[in-house]
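Notes to accompany the following structure.
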Number of protein chains: 4
Amino acid sequence: MGRTGDGEALPQRLLAVATRLFAEKGFEKTSVQEIVEAAGVTKGAMYHYFAAKDDLLKEIYQRLLRMQRERLEAIMARDQPVALRLRAAAADVVVTAIANLDDATIFLQSMHLLSADRRRAVRAARREYHERFRELVEEGQRAGTFRADVPADLAVDYFFGAVHHLGAWFRTGGRLTAEQVGAHFADLLLSSLRPDPPAEPGPSR
Amino acid sequence: MGRTGDGEALPQRLLAVATRLFAEKGFEKTSVQEIVEAAGVTKGAMYHYFAAKDDLLKEIYQRLLRMQRERLEAIMARDQPVALRLRAAAADVVVTAIANLDDATIFLQSMHLLSADRRRAVRAARREYHERFRELVEEGQRAGTFRADVPADLAVDYFFGAVHHLGAWFRTGGRLTAEQVGAHFADLLLSSLRPDPPAEPGPSR
Amino acid sequence: MGRTGDGEALPQRLLAVATRLFAEKGFEKTSVQEIVEAAGVTKGAMYHYFAAKDDLLKEIYQRLLRMQRERLEAIMARDQPVALRLRAAAADVVVTAIANLDDATIFLQSMHLLSADRRRAVRAARREYHERFRELVEEGQRAGTFRADVPADLAVDYFFGAVHHLGAWFRTGGRLTAEQVGAHFADLLLSSLRPDPPAEPGPSR
Amino acid sequence: MGRTGDGEALPQRLLAVATRLFAEKGFEKTSVQEIVEAAGVTKGAMYHYFAAKDDLLKEIYQRLLRMQRERLEAIMARDQPVALRLRAAAADVVVTAIANLDDATIFLQSMHLLSADRRRAVRAARREYHERFRELVEEGQRAGTFRADVPADLAVDYFFGAVHHLGAWFRTGGRLTAEQVGAHFADLLLSSLRPDPPAEPGPSR
DNA sequence: TATGAATGAGAGTTCATTCAT
DNA sequence: TATGAATGAACTCTCATTCAT
């Protein structure tokens, strides 16, 4: 069949189980044995679908990157002022990251464990994503909507640092909803890019 | 003796070597054997000073946290307007993190590998540090210097996310110096906390 | 059908592929998966024709032994002086071994991997073959054509050692052709069996 | 201590045990677990001395090659006619191979399992050894003691084939002693190299 | 203060084989 | 006649840690 009694294809089930365990205990502290036991199969079954434990990680990364990329493209294509598009994109990436907090946590904690080749590939994909984001910022800078004295890539890295860090403090059911955090983060980003910087001395060159 | 021919006490040398290797290859991929070989001693010597491999990690954390905490206290004690103190603190944490980028990288990548007890302890120390930072923000909010419609802790987490993420992109000798990045980050933080937020709809409750 | 598009019956194709791979990489380092992939089928198909991986080995052995046995019988049946028949048989076994060097290599390298039962059977078949060869030697010894102070079976083992070792050094396209090597080997065998051994002290008892 | 209660250093004991098991069951069918159990230690102890299972094989090879090489050198250095020296060398290599039949058996059966690098190194060492042997043959050919119409290297390969094959039939306590087999083999070699080859047609070029 | 041999538990991975379809 | 998902057992190797010296 290719299906088990649990109503989900085995590769997907293995991936779901692995995602949960990796987020809970970390990639290296999660043994293949634990994964297959949690999925109710044997190691051989897992190695039938995934050539190595690393592959599970790779799949999780690709899944997350693909989704974020698609959402960003959709937002960028809107017919709206650049500030609105950036705000929407920023809020959306936060909400999406929270909705897939396990994936995002794993991403952050485990990328350094990938083989050099894989790491390079994942980094390239992420860089490409950041560059799309940066284009939005630069567009606003050219239009005078955003201040131009902040390097666009620095602003983007600043923002994504905050996003990646969500897993360290955000708790579902806590004081703020994912949407509220998204709105706040977007607001902070937009505020920090407003022209007319504060009177205090900024960085001079 | 307590000193080896290399002019540094053995515990410190072990710590320095471990810091470099952990940052390079990750904590779990660095074996005790590699550490002692790089330090030019044997395992027994290491276990004489550190009860476990974990202890090296703990020491690295404590060293970083202690330093950051001391610097923050000194800045907070200044007799300056709150905005200046926050700006100074923000810029300083960036410069310090970059100056100790190995430590900061390890912090981020390996905390989930500590035993539950140790992790709790480290988290508590870091939370305390963040709270001191938050007090600055709240002081400014009460004084009307900073906008009050952004939760202070969210703003702090936002900022420290960016700081923790430095290791992912900052390169010594790159386009920007540590000081320039610190100034930019501080500027972005202060900008985002300015009163009269942008006209676009912010988050409502 | 029993035939694939490649114009060869599947069992034969599997055997041919396995022979090549076993000779290249060794029996144990060749996985069933590799064999079926190289043959362009799936595992199930192979297990339909061969009950076990061992069976492929058995077939290769039997094929080689059967052929050598048949050729030896034909030569022994000739109406020629015994020296000519032994020379012809010796040269032929060399040429045949070289023509089927993969089979011979596998024979030598992998026999110890067979199950005890199979190994016994293969050994018995080979012993029988060697005995036919020995009969030739003994016939010549009785007739005075060959020296009688060398045990016939020892001489045969000596010769077949050399034959089995061909795979270790013979290279097609090298300095000597298979026929030349066969002639030399036959010559060395016949020479060593000539009466009137050399003057130096032979083995005394 | 570096010594166990059994009065032999552990690396040597492991090597001895491994040699016996490899000869009995083959390298690949002997697990590391079996080796260490037979030696009465744990896996870790073995890996403390041997970086890999392969290393045991390498050691066995080197031990055998070193010994054979030393004996050959000693014989070649004698002040004797070349025929006597070749006879002595041939008889000695047989006796030595029988005295270390386990090593020799393993050599033959398992060399193809070594990594490419190691295999190359072992082959080079063996080739060098064969070349020393060949020099003896060539010396005799130049002196007219041996027939010159047989390529010296072919004669050497012929002889060593027979030697390598000893493990397939020689049994201690059987009809012939190691010394008798050595004498016979040497006799066969010398006989086959006698000048004035048999009247029957030899290989023509 | 330091050595390094040895442990013991477990890691990821491989693979011949089975079997429902 | 053939598929390929799944098993289960075994494999080599790693490693933090201990302890007699």
Task: Any hit, the range D:37-46, residues being under 21 Å from D:R123 (Cβ atoms) and within 12 Å of DNA strand E (Cβ to nearest atom) - done: no
TODO: Give the residue that is farthest from the other protein chains (Cβ to nearest Cβ), with candidates limited to residues of the range A:17-37 that are open to solvent by less than 40 Å² (accessible area, probe 1.4 Å) and near DNA strand F (Cβ under 10 Å from one of its atoms).
DONE: A:V36
TODO: Report yes if C:A152 is more than 8 Å from every other protein chain (Cβ to nearest Cβ), crowded, with 17+ Cβ neighbours inside 10 Å and in contact with a helix residue (DSSP H, G or I) (Cβ under 8 Å, 6 or more places away or on another chain), otherwise no.
DONE: yes
TODO: Return the total of residues in the range C:130-144 being within 13 Å of chain D (Cβ to nearest Cβ) and either modelled with pLDDT under 95 or farther than 13 Å from C:L190 by Cβ (or both).
DONE: 3
Task: Failed item in (1) open to solvent by 40 Å² or more (accessible area, probe 1.4 Å); (2) over 25 Å from the mean Cα position of the chain (by Cα), with D:R63 passing the rest - done: (2)
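Do we find that B:G26 is of a type outside the set (S, T, N, Q), at positive phi and away from DNA strand E (no atom under 12 Å from the Cβ) in this structure?
Yes, satisfied.
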Task: Among the residues listed as D:L57, D:L64, the single one being modelled with pLDDT under 95 and either at positive phi or within 14 Å of DNA strand F (Cβ to nearest atom) (or both) - done: D:L57
TODO: Might you check whether a residue that is part of a helix (DSSP H, G or I), within 14 Å of chain B (Cβ to nearest Cβ) and surrounded by fewer than 17 Cβ atoms within 10 Å (Cβ to Cβ) occurs anywhere in the range A:38-57?
DONE: yes
TODO: Check A:L14 against each of (1) assigned to a helix (DSSP H, G or I); (2) crowded, with 19+ Cβ neighbours inside 10 Å; (3) of a type outside the set (D, E); (4) within 11 Å of DNA strand E (Cβ to nearest atom) and name the one condition it does not meet.
DONE: (4)
Open item on the list: With surrounded by 19 or more Cβ atoms within 10 Å (Cβ to Cβ), among the polar types (S, T, N, Q) and at negative phi as the only criterion, which of D:Q109, D:Q80 stands out?
Closed with: D:Q109
- [ ] Would you be able to say whether some residue in the range D:70-82 is within 10 Å of DNA strand F (Cβ to nearest atom) and within 14 Å of another protein chain (Cβ to nearest Cβ)?
- [x] no
Task: Lone qualifier among D:R127, D:R147, D:R175, D:R171 - being outside any loop (DSSP other than H, G, I, E, B) and either without any contact (Cβ under 8 Å) to a residue 24 or more places away in the chain or at the interface with another protein chain (Cβ under 9 Å from one of its Cβ atoms) (or both) - done: D:R127
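Residue by residue, here is whether (1) of a type in the set (G, A, S); (2) touching a strand residue (DSSP E or B) at 6+ places or on another chain (Cβ under 7 Å); (3) farther than 28 Å from C:Q33 by Cβ; (4) not assigned by TED's automatic domain parsing to the domain that holds A:R127 holds:
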residue	(1), (2), (3), (4)
A:R20	no, no, yes, yes
A:T42	no, no, no, yes
A:A45	yes, no, no, yes
A:I60	no, no, no, no
A:R78	no, no, yes, no
A:V94	no, no, yes, no
A:Q109	no, no, yes, no
Open item on the list: So, D:G182, is that one of a type outside the set (D, E) and either within 11 Å of chain C (Cβ to nearest Cβ) or open to solvent by 30 Å² or more (accessible area, probe 1.4 Å) (or both) or not?
Closed with: yes
Task: Only one of D:P203, D:P197 that is within 7 Å of another protein chain (Cβ to nearest Cβ), farther than 20 Å from C:W169 by Cα, touching an Asp or Glu at 6+ places or on another chain (Cβ under 8 Å) and modelled with pLDDT under 95 - done: D:P197
- [ ] Identify the single condition in (1) within 11 Å of DNA strand E (Cβ to nearest atom); (2) at pLDDT 95 or above that B:P81 does not satisfy, given that it satisfies every other one.
- [x] (1)
Task: Selected residue (only one of A:S115, A:S192 is closer than 25 Å to B:R175 by Cα and open to solvent by less than 60 Å² (accessible area, probe 1.4 Å)) - done: A:S192
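The values are calculated or read from the model by the stated rules, or taken from the named source; none is laboratory data. Since we're looking at a predicted model, the values are computed, not measured. With ideal geometry, Cβ positions are generated from the backbone for all residues, glycine too; neighbour counts draw on all protein chains shown. Just the protein is used for accessible areas: all its heavy atoms, side chains included, with ligands, DNA and RNA removed. Shrake-Rupley method; radii C 1.70, N 1.55, O 1.52, S 1.80 Å.
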